[in-house]
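First the structure, in the form of structure tokens, and then the observations on it.
The values are calculated or read from the model by the stated rules, or taken from the named source; none is laboratory data. Keep in mind that this is a model prediction, so the values were computed, not measured. Positions of Cβ are generated from backbone atoms using ideal geometry, with glycine treated the same way; all protein chains shown enter the neighbour counts.
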There are 8 protein chains.
Amino acid sequence: MSTVSSEQPLVGLVMGSDSDWPTMEAAGQALSEFGIPYEAGVVSAHRMPTDMIEYGKSAHERGIRVIIAGAGGAAHLPGMLASVTPLPVIGVPVQLKTLDGMDSLLSIVQMPAGVPVATVSINGARNAGLLAVRMLATDQSEFGAELRNKLVDFAADLKDAAAAKGA
Amino acid sequence: MSTVSSEQPLVGLVMGSDSDWPTMEAAGQALSEFGIPYEAGVVSAHRMPTDMIEYGKSAHERGIRVIIAGAGGAAHLPGMLASVTPLPVIGVPVQLKTLDGMDSLLSIVQMPAGVPVATVSINGARNAGLLAVRMLATDQSEFGAELRNKLVDFAADLKDAAAAKGA
Amino acid sequence: MSTVSSEQPLVGLVMGSDSDWPTMEAAGQALSEFGIPYEAGVVSAHRMPTDMIEYGKSAHERGIRVIIAGAGGAAHLPGMLASVTPLPVIGVPVQLKTLDGMDSLLSIVQMPAGVPVATVSINGARNAGLLAVRMLATDQSEFGAELRNKLVDFAADLKDAAAAKGA
Amino acid sequence: MSTVSSEQPLVGLVMGSDSDWPTMEAAGQALSEFGIPYEAGVVSAHRMPTDMIEYGKSAHERGIRVIIAGAGGAAHLPGMLASVTPLPVIGVPVQLKTLDGMDSLLSIVQMPAGVPVATVSINGARNAGLLAVRMLATDQSEFGAELRNKLVDFAADLKDAAAAKGA
Amino acid sequence: MSTVSSEQPLVGLVMGSDSDWPTMEAAGQALSEFGIPYEAGVVSAHRMPTDMIEYGKSAHERGIRVIIAGAGGAAHLPGMLASVTPLPVIGVPVQLKTLDGMDSLLSIVQMPAGVPVATVSINGARNAGLLAVRMLATDQSEFGAELRNKLVDFAADLKDAAAAKGA
Amino acid sequence: MSTVSSEQPLVGLVMGSDSDWPTMEAAGQALSEFGIPYEAGVVSAHRMPTDMIEYGKSAHERGIRVIIAGAGGAAHLPGMLASVTPLPVIGVPVQLKTLDGMDSLLSIVQMPAGVPVATVSINGARNAGLLAVRMLATDQSEFGAELRNKLVDFAADLKDAAAAKGA
Amino acid sequence: MSTVSSEQPLVGLVMGSDSDWPTMEAAGQALSEFGIPYEAGVVSAHRMPTDMIEYGKSAHERGIRVIIAGAGGAAHLPGMLASVTPLPVIGVPVQLKTLDGMDSLLSIVQMPAGVPVATVSINGARNAGLLAVRMLATDQSEFGAELRNKLVDFAADLKDAAAAKGA
Amino acid sequence: MSTVSSEQPLVGLVMGSDSDWPTMEAAGQALSEFGIPYEAGVVSAHRMPTDMIEYGKSAHERGIRVIIAGAGGAAHLPGMLASVTPLPVIGVPVQLKTLDGMDSLLSIVQMPAGVPVATVSINGARNAGLLAVRMLATDQSEFGAELRNKLVDFAADLKDAAAAKGA
């Protein structure tokens, strides 16, 4: 499930369990559409807490600029990563077999003051990827300007596709 | 309630009603702690929809790099802004008199694929400000590096304050 | 999915995505049973916001008298249309894959004072069509009187069908 | 609590209990702002069911064109009225001491196919009044055209008031 | 779906739609196990309101001693019957396609003071039948004493069956 | 808090804690209005389980014909009593400091097949008393007929009071 | 479904119905992995209340040191056992056909002060078994020390398995 | 807020913020009633994550036998501690300003398989203390036997107090 890219990954895409991958891979797909290199892997808050802390602490030193973390149930991964990194962390509530992801959503979004998590919709991994792109596009260099242009084009494509369906 | 700064604002802090300001001003406070200039104002999705669309469309052209939008009930402001801007939009669900903000939360976070909103906790305006800082800190210039350092210091202060209470 | 009628449409039936059509077509069916011409199409609040605003602003000028809007999740379409039209807007919460439509319902019904949306039940498109008929039947001309008579007949038929099942 | 007007009332504003009046009077206020005559009174589904049925059955014959019904808890009044009248019925879920009005909302909005209720937000009586105005404004006579113009002016005023707060 | 018995029915088993019968027939089965004659039929609050009121008003005069009413969604049947009869009314919340029956439950159980409904669990038609038997068994005649004895035997059988599974 | 009556009590009114009495006394008040003698006391499922079981097992032998049980939170009292008595048990969900009584409601109403509890609304003790009266009124003796007449008068009074408020 | 072991069982694993066994057997499996002897059986709070009370009262005298109890809906078994035993009781909310186990969860976890139940996740029987092991591992004898070591090894295995998936 | 005892503490009582202390001190009070020495302090998962991990990892080596952890909102403390200790962890969901503690409850109880948390009721700190006593009483030494006897006495006192109120 891990992804190795020749380029320096800019986004760390992690999840609590490999069973989250079918949901979370849409984030990677969105990043790829915008040409953003990323790394992906399992970093479980509950089963590998020390590694998780280490992952979070070192991510920005390794060149990662945004973290996307998906988890279900008592979903602690996004919030715990946010507590050890200065990077923006995007949390994806993953729906498990009961409660339709409401437990995941509340466990991720209701963070205490001081440690924010940018939460997207239940199973909203694609939007997590797109949100990461928007964050990277705030960069004031040429890289950011190009991404912003791509995002404007992307929105135009969305509109055209939607309009075509309604014509 | 509006804020005029001599510097170019980097964050647009908007809300659906001036009754949201007591909740939302904590976002401005957090931005100020990190020295981030911002503009603040009422931009109602429902009462001034054309202005709202215009605000969103032009924000990135005016130098705004992150939008924070707070709203309550059927909270459409963050999502509508996200649909017309390439900037990352942070949504703050504001608690109204009934339902404890659950309606605001779901109206903001459950966005369709293609248009993400970075949602924080109910009434979580301070975290919205801090999340905006994290986003700006992804910048690869010196500006970003300084912000990342400030964020690391901020986390250390949080820890010291928490530890002091428990000593 | 779009519908072209030779007659002037009186109802605008719109939805956020063509995936809503299997749910929403029951509204069109109900309108047809009462001989009400309508237009149908995709008008996404999030993917074609400018077109959506334009649709709402001009609808009453084009002879539309009632708008029916269906949407799911963070369902902003009915409320946004209501903010730009003087027409009554009927909102249909469409159930998506999680939360059983509760997010759609709250996003549509919890509108702020000033901008009402007439909300029907989750997936209740048939009732949206019938409600549009009732609205049109408030007309004081002969057109209204005929519709009111049809509605009385319709209620009698409902009763007969229900009674027949229990006999 | 009842209202007698010299003019023929066009809207019937009813509620399950006089304890609902502090919530519901905002509907009457909105109607008055648009010059719509209305009648108001207690018509309890559970304590005066026969009168309630009679009220609903005869309303359109007495010249009433829209019914607004507010109720709390197991709120059956709007739906029961809708079952005996061809008029559009607007339901206002009134918040009682527990459950924040969620029971009222679901009891009103989740009507079966065939009998629609136009539901507004919890305690949303003002919007119920405004929705009634929009319904009456669908009238094709001069009366309707005037109301539509007033509604356009009303929206402009809303915008100006909102914009003034944010200036 | 209707049931005709040669004996005077003691329980009226009604439901809002014949689609409720697969759920509700378990009530009839429970009554039959205790030898209680009953009548069953569709009495829709919303589609045949006048008949429904009439059914409720006359039931105790026809010898009915307990009413069982099942309904889903905005489930008004049990409460409306309770408002026109002095008989105890047992309400069965029927699960529909969304919300898992929570709307049905709240619409039935949250009755205002003055008009009680004896609510059982979602889809709990068998318990509705058993509860009717318990009510009839409060009778001070020999009929009641026999029923009480049967209920004690029934509980013993339940225990034996449960114990056998765990042995 | 206990009540001693010279007459044979027909209803056992019990609750999990004396802190429930301010809510539950409305049940006793309703019984008194109909002249039904009752006994009242604390019978905690969790703090006096053996006594509770004994209370339930012997109630019908002591002449009690209906049990009303109020409890909050993980409210086990009504269901446990129902498991050891052949009498109908009316459960009153009592609202505690969190969750608005939803936990109490679900703990009482969602009983398994075989052991019904007649559940009334959250804090609905008055309706519990009235429901007990309706149950006792199913009696075929003169006692029952008198109660039924009183219930019909009671409903007429409810109507008059409601109608008076709306006049 | 019952389990007989030659060793003295240390854990009593009970459930309200044999239909809970497919969910609950994971608790037994976890206990077996740690070599903890246990007994398993059906002890229904509602269908065999006297046996249930007896089971709870005598368990600690028979050498049982922890009780695991699973139940669904109005799940009274864990709380009732906790009221009659000094042993720690672990409650497993079992999901039934509606409400996703939320009723079970609230019925188990919301116990009044004085009678705690150690609640695990919905359908979380495996965790119930592991929690029992942790409880037994608090023992200060060699038995406890060995269990603690096994638990440390178990956590290491969890980590290795998780890490392997992400490699 | 911290507690220093001359004796070796057996229970670690920690919480995410000193604002949780008014809720959590009831756990300490319960422990004291049973003569159990404990330590108390703030160990925030989000603001002092490394200290938190260290606290959890070393607790059992310092002689702690049970951990009680209280937290609100996205309450990650109990689960994170459980992931690094072999000790049983009792989680107390603390109610914050919105959602009545439901977010706290779900964030604590819905732990993934492998890492259990023994969850008590919302704000149920007293029960957390009592549950810790029950866990310690599973000890097979004289210490455990004495605690079990105290627990039996405690239950008898609870019963007497409850019975006295109902007399």
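Determine, yes or no, whether F:Ser107 is among the small types (Gly, Ala, Ser), in contact with a Pro (Cβ under 6 Å, 6 or more places away or on another chain) and crowded, with 24+ Cβ neighbours inside 10 Å.
On the way: among the small types (Gly, Ala, Ser): yes; in contact with a Pro (Cβ under 6 Å, 6 or more places away or on another chain): no; crowded, with 24+ Cβ neighbours inside 10 Å: yes.
No: the conditions fail for F:Ser107.
Would a scan of region C:125-134 turn up a residue that is at pLDDT below 95 and out of contact with any His (no Cβ under 6 Å at 6 or more places or on another chain)? Full working, then the answer.
So in region C:125-134, the residues at pLDDT below 95 come out as none.
Scanning region C:125-134, I find no residue that is at pLDDT below 95 and out of contact with any His (no Cβ under 6 Å at 6 or more places or on another chain), so the answer is no.
Among the listed residues H:Ile122, H:Ile67, identify the single one that is within 11 Å of chain G (Cβ to nearest Cβ) and under 10 Å from the mean Cα position of the chain (by Cα). Break it down into steps so the answer makes sense when it comes.
Values: H:Ile122 fails: under 10 Å from the mean Cα position of the chain (by Cα).
Among H:Ile122, H:Ile67, only H:Ile67 is within 11 Å of chain G (Cβ to nearest Cβ) and under 10 Å from the mean Cα position of the chain (by Cα).
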When you check D:Met24 against the structure, is it free of Cβ contacts under 8 Å to residues at least 24 places away in the same chain and buried (at least 23 other Cβ atoms within 10 Å of the Cβ), yes or no? no
Restricting attention to region B:7-25, which residues are more than 8 Å from every other protein chain (Cβ to nearest Cβ), in contact with a helix residue (DSSP H, G or I) (Cβ under 8 Å, 6 or more places away or on another chain) and in a helix (DSSP H, G or I)? B:Thr23, B:Met24, B:Glu25
Only one of these is within 13 Å of chain E (Cβ to nearest Cβ) and surrounded by 24 or more Cβ atoms within 10 Å (Cβ to Cβ): G:Gly56, G:Gly79, G:Gly73. Name it. G:Gly73
For the condition without any contact (Cβ under 8 Å) to a residue 12 or more places away in the chain, within 10 Å of chain B (Cβ to nearest Cβ) and over 20 Å from H:Leu77 (Cα atoms), what is the one hit in A:Gly114, A:Gly144, A:Gly129? A:Gly144
Taking region B:1-17, which residues are under 15 Å from the mean Cα position of the chain (by Cα) and either modelled with pLDDT of 95 or more or not hydroxyl-bearing (Ser, Thr, Tyr) (or both)? B:Pro9, B:Leu10, B:Val11, B:Gly12, B:Leu13, B:Val14, B:Met15, B:Gly16
If you go through region A:37-44 one residue at a time, do you hit one that is in contact (Cβ under 8 Å) with a residue 40 or more places away in the chain, within 14 Å of chain G (Cβ to nearest Cβ), among the small types (Gly, Ala, Ser) and assigned to a strand (DSSP E or B)? yes
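Pick from C:Asn127, C:Asn149: which is within 24 Å of E:His46 (Cβ to Cβ) and surrounded by fewer than 24 Cβ atoms within 10 Å (Cβ to Cβ)?
Values: C:Asn127 fails: surrounded by fewer than 24 Cβ atoms within 10 Å (Cβ to Cβ).
Just a single option satisfies the conditions, and that option is C:Asn149.
Give the residues of region F:132-146 that are over 13 Å from F:Gly70 (Cβ atoms) and surrounded by 20 or more Cβ atoms within 10 Å (Cβ to Cβ), sorted by residue number. Give the steps one after another, and end with the answer.
At the first step, the residues of region F:132-146 found to be over 13 Å from F:Gly70 (Cβ atoms) are F:133-146.
Scanning region F:132-146 gives F:Val133, F:Arg134, F:Met135, F:Leu136, F:Ala137, F:Thr138, F:Asp139.
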Number of positions in region A:98-108 that are facing chain H (nearest Cβ under 7 Å) and touching a Gly at 6+ places or on another chain (Cβ under 7 Å): 2
Could you grab me the full set of residues in region E:47-84 that are touching a Pro at 6+ places or on another chain (Cβ under 6 Å), touching a residue at least 40 places away in the same chain (Cβ under 8 Å) and under 16 Å from F:Ala137 (Cα atoms)? E:Val66
Counted residues, region B:82-114 - those being under 15 Å from the mean Cα position of the chain (by Cα) and within 15 Å of A:Ala118 (Cβ to Cβ): 11
Looking at (1) surrounded by fewer than 24 Cβ atoms within 10 Å (Cβ to Cβ); (2) more than 8 Å from every other protein chain (Cβ to nearest Cβ), which is the only condition E:Gln95 fails? (2)
Of the residues in region C:147-167, those that are at pLDDT below 95 and either within 7 Å of another protein chain (Cβ to nearest Cβ) or closer than 16 Å to D:Gly79 by Cβ (or both) number 7
The conditions are (1) more than 20 Å from A:Val133 (Cβ to Cβ); (2) away from chain G (no Cβ under 14 Å); (3) touching a strand residue (DSSP E or B) at 6+ places or on another chain (Cβ under 6 Å), and A:Val84 fails exactly one of them. Which is it? (3)
E:Arg62 fails exactly one of the following numbered conditions: (1) within 14 Å of chain G (Cβ to nearest Cβ); (2) more than 23 Å from F:Asn127 (Cα to Cα). What is the number of that condition? (1)
